[in-house]
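Here is the structure we will look at, set down as structure tokens.
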Amino acid sequence: MSSKISLSRYLVEQQRSKGHIPADLRLLLEVVARACKSISHAVNKGALGGVLGSAESENVQGEVQKKLDIIANEVLLEANEWGGHLAAMASEEMDSIYLVPNRYPQGEYLLLFDPLDGSSNIDVNVSIGTIFSVLKKPEGTSQDGTPSAPGVTEQDFLQPGKQQVAAGYCVYGPQTTLVLTVGDGVAMFTLDREQGSFVLTQENVQVPADTQEFAINMSNMRHWADPVRKYIDECLQGKEGPRGKDFNMRWIASMVADVHRILTRGGVFLYPWDKREPHKAGKLRLLYEANPMSWLIEQAGGASTNGHTRILDLQPGQLHERVSVVLGSRNEVERITQYHAEI
Ligand code: P6P
């Protein structure tokens, strides 16, 4: 029987034999994985753990927080603050950045996360997940080259997604699966609950360049811009239309679950700008949703744009900035992006 490769062994090999990651980053990723195991345990308890329902509070986005949103956020903060590998953290559930307390050693990494993405699905037992992104704290100079003040500020987090050193998610579904890239392709690890460890179940994940499956919230159709309407209309016309093939649709309303399906069998995911709130670039957040997912998709051979520009090239202006997202099978993303250039 082939020996099981644990997440720890995979990361040691990425550090030792491939030189892709230093020891501190390996330790950071092991801590994040352990936190995801704890979150999975809490999610799996459901009603038995008294963790369902609203927390009667709102997050920075003005969205009602679920109890599990807050639990997951606290698990990630407590797991990561003492290890000495981090300087600060940022979360969808917190207005401002979280500095590692002075009683702990400071590290060189910044950790960003959506602690529990897909919250609307929590109470109805549909897959949800944790999304995370790792950046390096900028050297001791600010963007214009002048020495920056000691410590960490929100400005240090405002780096384009191509600066990430690690990105991933953990999907809490029928299996609990951690999906990770450190810049050497995408690997998937399934939680072995008997051993209590993540086991490598797929590496060198590849997204097929073509697909017949799209993911979008169709209820927003009347609000879309013309390029998106054109693309979806053509998909709906099927083999009799200009695409010459039929398309299927999926929408789980958990980005983690939709992206996991695309990494597993291909597809294209769209959460575009729409006319409901024209001042907002989109619904999804750039720093801790779109950037980590975009790097994973690109590392698996796919593509990710905001309809016009590669998402990983975007320069963030604020911590909770939103963005329009088109990601997945490369040829479909390029088609949609071309429509945005033409119309
Ligand atoms: P809608 C979950 O709340 C989320 O941020 C993503 O995970 C998901 O893709 C999207 O919003 C769903 O949005 O408008 O379809 O409920």
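The values are calculated or read from the model by the stated rules, or taken from the named source; none is laboratory data. Note that this is a predicted model, so its numbers are computed, not measured. Backbone-built Cβ (ideal geometry, glycine too); neighbour counts: all protein chains shown. Areas reflect the complete protein model, heavy atoms only, side chains present, ligands, DNA and RNA absent. Shrake-Rupley method; radii C 1.70, N 1.55, O 1.52, S 1.80 Å.
For the set His41, His320, solvent exposure ranked by accessible area (probe 1.4 Å, protein chains only) runs largest to smallest as His41, His320. Taking each residue as 0.36 nm, the span from Glu277 to Leu200 lengthens on full extension beyond its C-alpha to C-alpha distance by 23.5 nm. Would you list, by chain and number, the lysines whose Cα falls below 27 Å from the Cα of Lys45, excluding same-chain residues fewer than 8 positions away? Correct list for Lys45: Lys37, Lys66, Lys67. Quick one: which residues, 5+ away or cross-chain, put their amide H under 5 Å from the amide H of Ala88? H built at 1.01 Å from N. Answer set, sorted by chain and number: Val100, Leu111.
Does the range 44-168 come out rounded, prolate or oblate by the C-alpha gyration tensor, with a ≥ b ≥ c the root eigenvalues, rounded set by a/c under 1.5 and, if not, prolate when a/b is larger than b/c and oblate if not? Note, shape of the range 44-168 comes out prolate. Across the range 94-101, computed HN-Hα scalar couplings (Karplus, 6.51 cos²θ - 1.76 cosθ + 1.60, θ = phi - 60°) run 10, 4, 10, 5, 10, 7, 4, x Hz from first to last residue, x flagging Gly and Pro. Loop-resident trypsin sites (Lys or Arg not before Pro) (DSSP state other than H, G, I, E or B) in the range 264-336 with no more than 11 further Cβ atoms inside 10 Å of their Cβ: Lys275, Arg276. Let's test the formula: R0 of 30 Å, r as the Cβ-Cβ distance of Trp251 and Ala225. What FRET efficiency results, to the nearest 0.05? FRET efficiency, Trp251 to Ala225: 0.95. About its Cα centre, the dipole of the range 65-120 is roughly 160 debye, where the only charges are +1 on Lys and Arg Cβ and -1 on Asp and Glu Cβ.
Between Asp233 and Ser54, the modelled label-to-label distance comes to 3.9 nm, taking each label 7 Å out from Cα in the direction of the beta carbon. Diffusion coefficient (Stokes-Einstein, Kirkwood radius over C-alpha pairs, 10 °C, 1.306 mPa s) for the chain: 77 µm²/s, rounded to a whole number. Helical content alone sets the calculated 222 nm signal of the chain at -8500 deg cm²/dmol, taking -39,500 (n - 2.57) per DSSP H segment of four or more residues and averaging over every residue. Listed by chain and number, the aspartates and glutamates whose C-alpha is less than 18 Å from the C-alpha of Lys4, apart from same-chain residues fewer than 8 away, are Glu13, Glu30, Asp192, Glu194, Glu203.
A simple spin-label model places pseudo-atoms 7 Å from Cα toward Cβ; at Glu240 and Lys4 they are separated by 5.2 nm. Peptide packing for 108-114, 288-294 was compared via the average number of neighbouring C-beta atoms within 10 Å per residue; ordered from the highest value, the list is 288-294, 108-114. Per atom type, the range 208-343 shows carbon and sulfur on 47% of its accessible surface, probed at 1.4 Å. Solvent exposure of Asp210, expressed as accessible area, is near 90 Å², computed with a probe of 1.4 Å over the protein chains only. In order along the range 270-283, the Karplus-derived 3J(HN,Hα) couplings, from 6.51 cos²θ - 1.76 cosθ + 1.60 at θ = phi - 60°, round to 10, 10, x, 4, 8, 7, 5, 9, x, 6, 9, 5, x, 9 Hz, and Gly and Pro are given as x. Setting aside same-chain residues fewer than 8 positions from Lys245, which lysines have a Cα under 26 Å from its Cα? Partners within reach: Lys230. With a simple spin-label model that places each label point 7 Å from the Cα along the Cα-to-Cβ direction, the separation between Asp24 and Asn125 comes to 4.5 nm. With protein chains left intact and a 1.4 Å probe, residues in the chain average 43 Å² of accessible area per residue.
Taking amide H atoms as placed 1.01 Å from N in the peptide plane, the amide H of Lys66 lies under 5 Å from those of Ala55, each 5 or more residues away in sequence or on another chain.
When the chain is treated as a Gaussian network with alpha carbon springs shorter than 10 Å, the biggest mean-square fluctuation among Gly244, Gly84, Gly307 belongs to Gly244.
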